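Every read-out reported here was derived from the displayed coordinates using simple, explicitly stated rules and does not represent laboratory data. Everything numeric in this text was worked out from a predicted model, so none of it was measured. Backbone-built Cβ (ideal geometry, glycine too); neighbour counts: all protein chains shown.
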Amino acid sequence: MKSQLKPPVILILGEASVSIAHQIQMALPDSIEYGLTGRTQSVDLTFSKFSQTVRELFSQGHPIIGICAAGILIRALAPILSDKRAEPPVIAVAEDGSAVVPLLGGLTGANDLANSIANALNIRASVTATGQLRFNLVLEAPPAGYDLVNPEHAKSFTSDLINGATVRLIGKSPWLSQGNLPFSLDGTHIIEVIESDRSIDRSSLVIDRTHLVYLSTPTQGKLAIVGIGPGAAKWMSPEVKSILQSATDLVGYKTYLNLVGNLAKGKQIHESDNRVELDRARHALDLAAEGKSVVVVSSGDPGIFAMAAAVFEVLEREAKPEWQKIDIQVAPGISAMQAAAAAIGAPLGHDFCAISLSDILKPWEIVAERITAVAQADFVIAFYNPVSTQRTWQLTAAIDILLKYRSTETPVILARNLGRSGEEVRVISLSQLTSEQADMRTIILVGSSQTRTIPRSDGRVWVYTPRNYQGISEH
């Protein structure tokens, strides 16, 4: 059996489970869907013989994610099980996505894989490994960058800790420090972490059943800039949840980090003020250069008036050599303007633009020119950052410009605290809009000349912008 794991495989036995498989695949982009011939559609590949297919893929080193009963996976694989240190993860997922259970591969990442899948399905994985449950890590299965010299002692070492032994840490290890191990300066057991280029003479190391030794090698740091959406957990993508789950460090504005919820558990948290974006970006890059897996958390989408641009700005300006090896990723999120539009109908159904009313990073003259241009061009406009405690006049100035080109009856949507406690979405006319009605938690959508409202039976309205201008036919 090959020790190098290949892309995960998702096995599907019925069409009813295909949607669950798609959710899992979004969290594991390199995974491959295998559907039972004649019973599934819209999958990557098909198979006809379940047990044979499972055994072949398992033997090739593919982690197996079966959306099926645990029993049929166990019976299919039982005849070929041999080496628990090399076998790939095997995960059973209930057909309705209500349960995720790691069955095999605890030493090759099964628990982490199960947690990633569970996060994508908004449930908790049913992890049963005592060490994982007690200490939030598996000593026999260190992450990338650590090599356990004496794995034959890890099981008894873990058992001793479960039964009351304590441990003294020699060296530094974020992985071990972030767990729940019973550390003590006079511990009965020892874990030693040695920084090494792997040329060390292992025979010279002192090891026994009470002394575990890990060789630590530099790893490539990762930096992901993610968007968690406006606030509601349901708007956080499976990809973002998976990235947060695998991170070592989270960087961001305190309010946004709080929205991450349980996904922040066990991570190093680096909070900062919302007005120090470049300092935050620099700190995140430095952490990633140390080999850590860092996530910069933005609300909404990270590329829309958020942290992605700040990271790349610092990366270009300062260009530290150690930053060049960082694996950087941007993971999109649902933007505030999308959430506001969906809450009221389809006001962004035709051409639209987004403008920040903040003049902190650009002069107001530029902002005013842009508002004038898009007002004349009849765009629907999404205004970000309309009012703050220090900026109270810009929205009034924007309204004055708009009224030169837009009807006083133009629909305006005020959306505040989207996806959070106190959410409010109101529709007023442009003539009713004042700066007192908005703050930094508000996004404002101003309709075009074509934007319309539809009365609803409960007294509220739908707002939408038609896809075509009056007099223009689709045919």
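Averaged over residues, the count of other Cβ atoms within 10 Å places the peptides 30-38, 406-414 in the sequence 406-414, 30-38, highest first. Between region 44-110 and region 196-268, the alpha-carbon centres lie 26 Å apart.
Counting only residues 5 or more places away or on other chains, whose amide H sits under 5 Å from the amide H of Phe183 once H atoms are built in the peptide plane? Under 5 Å from the amide H of Phe183 lie the amide H atoms of Val167, each far enough along the sequence or on another chain. Taking amide H positions as modeled 1.01 Å from N, with prolines and chain starts lacking one, the residues under 5 Å from Ala346 and 5 or more places away or on another chain are Val463, Tyr464, Thr465. For Ile428 and Ala69, the FRET efficiency from 1/(1 + (r/R0)^6), where r spans their Cβ atoms and R0 equals 60 Å, is about 0.65.
3J(HN,Hα) along region 397-410, derived from phi through the Karplus expression 6.51 cos²θ - 1.76 cosθ + 1.60 where θ = phi - 60°, amounts to 5, 5, 4, 4, 5, 4, 5, 6, 10, 10, 5, 5, 8, 4 Hz, with x in place of Gly and Pro. Stretching the chain fully between Glu322 and Leu81 yields a gain of 82.4 nm (0.36 nm per residue, less the alpha carbon separation). Where both bridge residues fall in the chain, DSSP classifies roughly 35% of the beta bridges as antiparallel. The order of the peptides 12-21, 114-123 by mean Cβ neighbours within 10 Å, most packed first, is 114-123, 12-21.
Placing pseudo-labels 7 Å out from each Cα toward the beta carbon at Asp186 and Ile207 gives an inter-label distance of 2.9 nm. Taking each of Lys254/Lys404; Lys155/Lys320; Lys6/Lys254; Lys267/Lys362; Lys49/Lys84 in turn, the alpha-carbon distance tops 31 angstrom for Lys254/Lys404; Lys155/Lys320; Lys6/Lys254; Lys267/Lys362. Karplus-derived 3J(HN,Hα) values for region 157-167, using 6.51 cos²θ - 1.76 cosθ + 1.60 with θ = phi - 60°, are 4, 4, 4, 4, 5, 4, 9, x, 5, 10, 9 Hz; glycine and proline are entered as x.
Helix 364-376 and the long axis of the chain differ in direction by around 70°, with both axes built from C-alpha atoms. Considering only region 337-464, what is the antiparallel percent among its DSSP beta bridges, to the nearest 5? Within region 337-464, antiparallel bridges account for around 70 percent of the total. Counting only DSSP beta bridges whose two residues both lie in region 28-108, roughly 35 percent are antiparallel. Taking the longest Cα principal axis of the chain as reference, the axis of helix 277-289 is set at about 20 degrees. Each of (i) 24.7, 86; (ii) 27.0, 85; (iii) 24.9, 81 is a candidate for Rg and Dmax of the Cα atoms in Å; the one calculated from this structure is (ii). Annotation: amide H of Ile91 within the under-5 Å range of Ile64, Ile65, Gly66, Leu103, sequence separation 5 or more or interchain, hydrogens built in the peptide plane. Residue-wise HN-Hα couplings along region 91-108, as the Karplus relation 6.51 cos²θ - 1.76 cosθ + 1.60 with θ = phi - 60° gives them from phi, are 10, 9, 10, 4, 4, 9, x, 8, 8, 10, 10, x, 9, 9, x, x, 8, 10 Hz; Gly and Pro carry x.
Residue separation times 0.36 nm, minus the C-alpha to C-alpha distance between Thr255 and Ala397: what's the value?
Values: separation 142, 0.36 × 142 = 51.12 nm, distance 2.92 nm.
That works out to 48.2 nm of additional length.
Debye calculation, C-alpha points only, no solvent: report log10 I(q)/I(0) for region 341-475 at q = 0.19 Å⁻¹, in the same order as the q values. Each listed q corresponds, in turn, to -1.11. The mean of 1/r over all distinct Cα pairs in region 1-63, once inverted, gives the Kirkwood hydrodynamic radius of 11.9 Å.
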